Amino acid sequence: MKHLISAADLSLDVTLALLDTAEEMSIVNEREIKKLPTLRGRTVVNLFFEDSTRTRISFELAAKRLSADVIGFTAKGSSVSKGESLKDTAQTLEAMGADAVIVRHHASGAAQNLATAGWISAHVVNAGDGKHEHPTQALLDAFTIRKRLHGAGSTGKNLAGVRVLIVGDVLHSRVARSNLHLLRTLGARVAVAAPATLLPATPDALVAEHYFDLDEAIAKFKPDAVMMLRVQLERMSASFFPSAQEYSANWGLTRERAVALPATTLIMHPGPMNRGLEISSYAADAPQSTVLDQVRNGISVRMSTLYHLMAGDQQ
Amino acid sequence: MSFDLVFKNATLANGSTIDIGIAGDRIAAMGADLSGTQAIDASGLIALPGFVDLHTHLREPGFEASETVLTGSRAAAKGGYTAVHPMANTSPVADNAGVVEQVFGLGIDAGYVDVFPIGAVTKGLEGKQLAELGAMADSRAQVRVFSDDGKCVSDPLLMRRALEYVKNFGGVIAQHAQDPRLTEGAQMNEGVVSAQLGLTGWPGVAEESIIARDVMLAETLGSRIHICHLSTARSVEIVRWAKRRGVQVTAEVTPHHLLLTDELVRTYDPVYKVNPPLRTQDDVAALRAALVDGTIDIIATDHAPHPAEAKECEWDSAAFGMVGLETAASVAQLVLIESGKSDWTRLAEVMSINAAKIAGDIDHGNELAVGTLANLAFIDPAVKREIVRATESKSENNPYAGLTLPGRVMHTVYRGTLTVQNGTIRERL
């Protein structure tokens, strides 16, 4: 594997290998000295065209724990007219010796452009491209579900029969797209619940099982995990829904909805959360909430990703 | 009698074989055993009226890094064209007599095709008030086709006024049908692929709703309307319905909408970014059928050159548009001839005759006959050619690169002069 661009590119075998290596990395992350020498002398660039402190820090920690040198490059306003192009920025970083580029960009497809346009030869890791994909988020979500279900016996396990309900702004969500690919590759059954405005006009293009009513979805689909998506308030001004109150009442994981869930149903959120909008504090802090597990596991999964992409390179 | 130029044994659209003799800028004889100062063996070649493009972007003045009237004229000649109609979205905008006369003059200086500028409908393409339509019509460029192409005349009242006003001089409005509110931030066709790629959709209804409105306006006012680049199956249905009612509507389709689909966007390669966007296979099939049955009147290229940096970037930042002058006839042949669904007479209509009628280009799109101006294209239909990225155009945003297409323009004659000979552009004429 040269790049990680899309969860759609990952076979079951590759996915399991990534998750199983992440299990080993998580053991490293529990040690007093959380460091492996694997990528010593290698340079990893965090190329972020969009603010995302938590994803950037997670990748940075992952690379550092593998002993790579890490540099951060944050570029705002990247359109051709406004400044340096994506091509020039990437080529500049490679000329400085970057072995891998971790890219977060507001344009869907930007990571694929970097990997395929012939501009650079470094490894490319997609850390979120527009509304397209965020594959390491899906990996950490799958890892988290597996860990909660199987604990220390997780290694080698798939997610056959596990039912995951993704709730909220699927239309604009790279987290949803990556999870739909990856969770189904692992054998999980995935449904979505969202207002029709926040699903594609042809929802079947993404997922056959979709609900326009959250309570109906929970009642009928009986999810093992409920994955709440972050809602951008700007969607309200663009008339995707009438008000924050109405969104929260109809689509939020309110205290009432959370209380009614079986204690075994996982509550997931990729963060950062809008408490009181798509998720209540009660739900976010409930024992079955995996929110902090997801953050923790993100480092292990990203270490695994960098390991699989880079460890085999000729030095 | 001896002629300046004779094409021996050319095949006409109706299948008959004949010699064509040219004297000066006119066809002087059509018959057997003609001889001339220069004789070209045209056996196996189809002789057609020189092509007329009703939708070209020549980029001059203002965007000479992409194309100039000269380079675009050369690309046009290479594609078998003898007349092109450059759109008004230059800088400055062609919304007054000065700019259209400048472009018209640049066309004469280039000397490869007739360049008949299209005037803007509204000042600065801003959709707020009418441009100087009458002044452009009365200018040396004698503009008869007006369009804000690139932008839609979305204000219904302004559209009404424009449709009425151009009646004064027999003009026609060519509408770029795109509801601006329904396409805010739009990047590609809205459908299965956009849902999966996470690119903002450009729904077909944004085109269809404007066409529906405008054909009704045209019917109400008794005006002529031309619809640019139809791209959806429902647009075809609306135009078909309007024609049945007797509305004076004509419609064009681009070569790329006849051949390419939004599946190509999965590469995220901005060479496939175009407005209106590439649609689905069902749309392609409907557009092809409409071209055959006459619902769609013409193929127009929407040749839209862009410099490399406008396409070597992420999808969202890339410019809309693709080149097409040198491949249009091949796509027409594929759709009409190779498919077995139509014939060369129809190809001549959609590539030349009908566009000349819509625009009032009296020296173009004429049946080959003695006494008419010698504007001709000769196609070798037997050739299969692999398309290369670089063309006579200054730009290389060529979505056909690597594809194999049928047919090749072997010779183009513009006002009696060979502009293309044996598939090669002739230098300084």
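When A:186, A:171 are checked against the criterion of being within 14 Å of another protein chain (Cβ to nearest Cβ) and either within 18 Å of the chain's Cα centre (by Cα) or modelled with pLDDT under 95 (or both), a single residue qualifies: A:171. Taking strands (runs of 3 or more DSSP E) as the structural unit, those lying wholly within region B:1-105 and holding at least 1 residues that are modelled with pLDDT of 95 or more and closer than 30 Å to residue B:130 by Cβ correspond to B:51-56, B:81-86.
Per the listing A:30, A:84, A:50, the residue uniquely within 23 Å of the chain's Cα centre (by Cα), part of a loop (DSSP other than H, G, I, E, B) and under 20 Å from residue A:109 (Cβ atoms) is A:50. When restricted to residues that are touching a strand residue (DSSP E or B) at 6+ places or on another chain (Cβ under 8 Å) and assigned to a loop (DSSP other than H, G, I, E, B), region A:274-312 contains 5. Looking only at region A:265-315, residues that are over 30 Å from residue A:124 (Cβ atoms) and among the hydroxyl-bearing types (Ser, Thr, Tyr) come to 5 in all. Taking region B:251-288 as the range and being touching a strand residue (DSSP E or B) at 6+ places or on another chain (Cβ under 6 Å) and small (Gly, Ala, Ser) as the test, only B:251 passes. If the condition is being in a helix (DSSP H, G or I), without any contact (Cβ under 8 Å) to a residue 40 or more places away in the chain and within 20 Å of residue B:204 (Cβ to Cβ), then region B:239-262 contributes B:241, B:242, B:257. Surrounded by 13 or more Cβ atoms within 10 Å (Cβ to Cβ), of a type in the set (S, T, N, Q) and not in a loop (DSSP other than H, G, I, E, B), is that true of residue A:38? No: the conditions fail for residue A:38. Here the condition is being under 25 Å from residue B:75 (Cα atoms) and more than 19 Å from the chain's Cα centre (by Cα); of B:166, B:99, it holds for B:99 alone. Quick one: which residue in A:136, A:155, A:144 is outside any helix (DSSP H, G or I), more than 14 Å from every other protein chain (Cβ to nearest Cβ), among the hydroxyl-bearing types (Ser, Thr, Tyr) and closer than 24 Å to residue A:15 by Cα? Of the residues listed, the single one that is outside any helix (DSSP H, G or I), more than 14 Å from every other protein chain (Cβ to nearest Cβ), among the hydroxyl-bearing types (Ser, Thr, Tyr) and closer than 24 Å to residue A:15 by Cα is A:155.
Has region A:298-313 got at least one residue that is out of contact with any Pro (no Cβ under 7 Å at 6 or more places or on another chain) and within 21 Å of residue A:190 (Cβ to Cβ)? Explain how you work it out, then say what you get.
Start the filter on region A:298-313 by keeping residues that are out of contact with any Pro (no Cβ under 7 Å at 6 or more places or on another chain), which leaves A:298-313.
Of the ones still in play, those that are also within 21 Å of residue A:190 (Cβ to Cβ) are A:298, A:301.
Yes; the residues of region A:298-313 include at least one that is out of contact with any Pro (no Cβ under 7 Å at 6 or more places or on another chain) and within 21 Å of residue A:190 (Cβ to Cβ).
Any residue in region A:56-75 that is facing chain B (nearest Cβ under 9 Å), outside any strand (DSSP E or B) and over 16 Å from residue A:303 (Cα atoms)?
Within region A:56-75 (the criterion being facing chain B (nearest Cβ under 9 Å), outside any strand (DSSP E or B) and over 16 Å from residue A:303 (Cα atoms)), the answer is no, since none of the residues qualifies.
Scanning region B:225-239 for residues that are buried (at least 19 other Cβ atoms within 10 Å of the Cβ), over 24 Å from residue B:268 (Cα atoms) and either within 13 Å of chain A (Cβ to nearest Cβ) or in contact with a helix residue (DSSP H, G or I) (Cβ under 9 Å, 6 or more places away or on another chain) (or both) returns B:225, B:226, B:227, B:233, B:235, B:236, B:238, B:239.
Scan region A:197-228 residue by residue and report those that are within 13 Å of another protein chain (Cβ to nearest Cβ) and either in contact with an Asp or Glu (Cβ under 6 Å, 6 or more places away or on another chain) or among the hydrophobic types (A, V, I, L, M, F, W, C) (or both). Within region A:197-228, A:198, A:199, A:201, A:205, A:206, A:207, A:208 qualify.
In region A:105-121, the count of residues that are touching a residue at least 24 places away in the same chain (Cβ under 8 Å), more than 30 Å from residue A:221 (Cα to Cα) and away from every other protein chain (no Cβ under 12 Å) is one or more.
Residues to consider are A:125, A:162; find the one that is surrounded by fewer than 24 Cβ atoms within 10 Å (Cβ to Cβ) and either more than 24 Å from residue B:265 (Cβ to Cβ) or away from chain B (no Cβ under 14 Å) (or both).
A:162
Does residue B:190 count as in contact with a Phe, Trp or Tyr (Cβ under 8 Å, 6 or more places away or on another chain), without any contact (Cβ under 8 Å) to a residue 60 or more places away in the chain and not polar (S, T, N, Q)? Judged against the criteria, residue B:190 is a match. Of the numbered criteria (1) free of Cβ contacts under 8 Å to residues at least 24 places away in the same chain; (2) in a loop (DSSP other than H, G, I, E, B); (3) more than 14 Å from chain B (Cβ to nearest Cβ), the one residue A:98 fails is (1). Here residue B:360 meets the list (1) touching a helix residue (DSSP H, G or I) at 6+ places or on another chain (Cβ under 9 Å); (2) in contact (Cβ under 8 Å) with a residue 12 or more places away in the chain almost entirely, failing just condition (1).
The values are calculated or read from the model by the stated rules, or taken from the named source; none is laboratory data. Quantities reported herein were computed from a predicted structural model and do not represent experimental measurements. Cβ atoms come from the backbone with ideal geometry, glycine included; neighbour counts cover every protein chain shown.
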